[in-house]
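What follows is one structure encoded as structure tokens, with my remarks underneath.
The values are calculated or read from the model by the stated rules, or taken from the named source; none is laboratory data. Please read these numbers as outputs of a predicted model, since none were measured by experiment. Cβ placement follows ideal geometry from the backbone for every residue including glycine, while neighbour counts extend to all protein chains displayed. Heavy atoms of the whole protein, side chains included, go into the accessibility calculation; ligands, DNA and RNA do not. Shrake-Rupley method; radii C 1.70, N 1.55, O 1.52, S 1.80 Å.
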Amino acid sequence: MSFLSAVTDVFRPRSEAREVETRTRVRASPEPSTRQRQAMLHLSNVSHAVNHFQNQMMTMLYPYIMADLGMTYTAVGVLSAICSVLSSVCQGAYGFLTPFFSRCKLLGFGNLGIALGTLMSGLAGSYPMLIVARGVASIGSSAQHPVGYSILASYFPNRRGAVMALNTSVSNVGTLVATPLATVLLLVLGWRQIFFVVTVASVVMGLIYLFFRDYGMPNRAGSVRSGLVEGFGSYRRVLKNRNMVVIALVFMVGGAGRDGGVNQIYFAPHLANDFGYSSLMIGILITAISIGSIAGPIFFGWLSDRFSRVRLLQVSLALSCAGTLWVAHLGPGEMMLFISLLLYSAFTSSRGTQTQAIVADAVSDEDRDAAFSLYFLLGFLSQPFWVLITGFLMDTAGFATALTVLSLTYIVGIFVLGFMRDERPTTLKPI
């Protein structure tokens, strides 16, 4: 099967034999039909893209917000760190919530929480009020990764790598269009009005989720006490799972290639300050990073369904190291930079979808929600650390040294992966 046909096959009805095969592996609840699987995939893709759009548009709005509210660069950094920690901590709690609430309802109320925080952001009259507003939005957005990937893993047990990769890539389309669309909106609207406009998208996503049924989940009948016991049991089993701990460490040690991290914060200042490029040229080169983050996860996710996920991830990390070193010492030159940044982003952004597929394979259906919650909690808690370390190195030693240090983190990841086995369920047949 070709790469392009595999991507389009995600949306294509599967054979009756494959449906019967899948039915034997889903948790004890009504089985979703092919149409319901496709609808959930489309909805998750769009809501994830809207989430990324709202995060990325802040890059264009910050100069205007800073001017109106009297914020410094340090204040922006503190705001970003607070939101990151809030989101990470909340991501770790969803394994306790899913025994009581439908995953669709959690995603629905999460999107409504994003809408509330976005609306509050447009109304914020001071820096503390903005912190509260963005904090509410971060808490709402925390459901998307652990709950969204968990529901896709249960709906598509045979194509986890490809489906999760597609979801990640579509979400990065939201990142890609955020900068030009926010720029256009700023020509006709103020930053407050833009918040009001994009609030509508999250409201729509939230309401649609509330009308979806959550298939593939265990029976939630029982007392609150039994639900809590079930939640604690899931987290305990996940923490005892060696593969889970190892793959979370791999996500933690990778210094670049994750949402809202080093790539979004430091590459534009490097291109402006070190190479003196214009805003237009910087926008074009940053677009290369966005394009790579769309293509890379799809390609490596497709491969991970056909080969050993662990070995392929080690190859991906080795390419990430080489690409990071190349970009670190690359001089000015628009065409070479564009191609190099595209490949660099394709390699570094592919780590997430491959590790997520390994998470889905490593645990049982009953423990998957807790597994994704812990995975994203541990992985994203390290993000502020890498952002601060990279900023310090850029200030004291320069861009090349900073990225050279980041390149070494991928070597550490390759070493850590040596302690785990590829435990893809043997009941699943390759596609």
Matching residues, the stretch 353-368, being in contact with a Pro (Cβ under 9 Å, 6 or more places away or on another chain) and open to solvent by less than 10 Å² (accessible area, probe 1.4 Å): T353, Q354, A360
Among the residues listed as P128, P63, P30, the single one being surrounded by fewer than 18 Cβ atoms within 10 Å (Cβ to Cβ) and modelled with pLDDT of 80 or more: P128
When you scan the stretch 96-173 for helices (runs of 4 or more DSSP H) that lie fully inside it, which ones turn up with 1 or more residues that are within 16 Å of V200 (Cα to Cα)? 103-123, 127-141
As an exercise: evaluate P146 against (1) within 23 Å of R192 (Cα to Cα); (2) open to solvent by less than 40 Å² (accessible area, probe 1.4 Å); (3) under 19 Å from the mean Cα position of the chain (by Cα) and give the number of the one condition it does not meet. (1)
Pairs, please: C-beta under 6 Å, at least 6 apart or cross-chain, first residue closer than 20 Å to L106 by Cβ and in the stretch 76-92, second crowded, with 19+ Cβ neighbours inside 10 Å and charged (D, E, K, R)? C83/R134
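Filter the stretch 334-357 down to residues that are of a type in the set (A, V, I, L, M) and under 15 Å from the mean Cα position of the chain (by Cα) and give me whichever is modelled with the highest pLDDT. Reasoning before the result, please.
Narrowing the stretch 334-357 to residues of a type in the set (A, V, I, L, M): 335-337, 339, 341-343, 346, 357.
Next cut, under 15 Å from the mean Cα position of the chain (by Cα) only: 346, 357.
Details: A346: 87, A357: 77.
Result: A346.
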Would the stretch 275-289 turn up any residue that is outside any helix (DSSP H, G or I) and at pLDDT below 75? no
In the stretch 304-318, which residue that is open to solvent by less than 30 Å² (accessible area, probe 1.4 Å), assigned to a helix (DSSP H, G or I) and not hydroxyl-bearing (S, T, Y) is nearest to G333 (Cα to Cα)? L317
(1) of a type in the set (F, W, Y); (2) touching a residue at least 60 places away in the same chain (Cβ under 8 Å); (3) within 17 Å of T404 (Cα to Cα): which one isn't true of F300, the others all being true? (3)
Might you let me know whether the stretch 104-121 holds any residue that is touching a residue at least 12 places away in the same chain (Cβ under 8 Å), aromatic (F, W, Y) and closer than 26 Å to L378 by Cα? yes
Has the stretch 103-115 got any residue that is surrounded by fewer than 19 Cβ atoms within 10 Å (Cβ to Cβ), at pLDDT 80 or above and under 26 Å from R192 (Cβ atoms)? yes
Restricting attention to the stretch 66-93, which residues are open to solvent by 60 Å² or more (accessible area, probe 1.4 Å) and farther than 29 Å from S150 by Cβ? A67, D68, G70, T72, Y73, T74, V78
So, M58, is that one surrounded by 13 or more Cβ atoms within 10 Å (Cβ to Cβ), more than 21 Å from the chain's Cα centre (by Cα), at pLDDT 50 or above and not in a loop (DSSP other than H, G, I, E, B) or not? no
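Under the condition of being touching a Ser or Thr at 6+ places or on another chain (Cβ under 8 Å), of a type in the set (A, V, I, L, M, F, W, C) and crowded, with 23+ Cβ neighbours inside 10 Å, which residue from the stretch 163-177 is nearest to I286 (Cα to Cα)?
A165
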The stretch 41-80, residues that are under 27 Å from V238 (Cβ atoms) and of a type in the set (G, A, S): S44, S47
What residue, among those in the stretch 179-221 that are open to solvent by 60 Å² or more (accessible area, probe 1.4 Å), under 27 Å from R368 (Cα atoms) and of a type in the set (D, E, K, R), is modelled with the lowest pLDDT? R220
